[in-house]
Amino acid sequence: MATLVRYNNFPTFFNPFYSRPVVNRYNATTTNVPAVNVKETETAFHLELAAPGLKKEDLKINVENNRLTIAYNTESKNEETTEKFTRQEFGFTSFERSFRLPKTVNADEIKAAYTDGILTLDLPKVEETKLVKEITVA
């Protein structure tokens with residue numbers, strides 16, 4: 001007896017339909033999370049988040065319990081009224097990205113800037129003081 005269901009045994013990177021972004025069919029916006037580049041230097045970590053077309057007022061950045069969270073949430077409304085009908089369209093765009101920070105990051109000195117669609121975060125490191133203590137054997 002033959003089955004009507006075919007199974008694709010190839011990994012997802014062989015199927016081009018799995019690699020496409022998810023599209024919301026109601027307002028045609030993608031639900032992908034923006035890409036982030038992380039670079040570490042001797043004095044700081046530098047994050048660059050690709051977020052073109054966003055308003056910097058809608059970006060929320062906070063640090064709680066050594067967790068850095070970057071979130072964006074906005075709502076758009078379009079309304080068109082004529083004699084015979086009223087059309088309303090609503091669109092919601094949001095994302096949230098979290099990073100666990102190492103203990104060497106100074107959370108009080110984190111700086112953020114948003115220019116040309118790139119959110120840049122500078123996370124300075126705390127200078128590690130190496131405590132050397134000599135213990136005598138009794």
Query raised in the report: Quick check: is even one residue across region 88-98 in a loop (DSSP other than H, G, I, E, B) and either polar (S, T, N, Q) or in contact with a Leu (Cβ under 8 Å, 6 or more places away or on another chain) (or both)?
Result: no
Query raised in the report: Within region 22-40, is even one residue exposed (fewer than 12 other Cβ atoms within 10 Å of the Cβ), modelled with pLDDT under 90, at positive phi and more than 15 Å from the chain's Cα centre (by Cα)?
Result: yes
Query raised in the report: Of the residues E128, E79, E57, which is at negative phi, surrounded by fewer than 10 Cβ atoms within 10 Å (Cβ to Cβ), part of a helix (DSSP H, G or I) and free of Cβ contacts under 8 Å to residues at least 40 places away in the same chain?
Result: E57
Report task. Output the number of residues of region 101-114 satisfying the condition of being in a strand (DSSP E or B) and over 12 Å from F45 (Cβ atoms). Result -> 3
Query raised in the report: Applying the selection to region 40-54, what residues are within 16 Å of F95 (Cβ to Cβ) and assigned to a loop (DSSP other than H, G, I, E, B)?
Result: A51, P52, G53, L54
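The values are calculated or read from the model by the stated rules, or taken from the named source; none is laboratory data. Small disclaimer: the values here were computed from a predicted structure and weren't measured. Backbone-built Cβ (ideal geometry, glycine too); neighbour counts: all protein chains shown.
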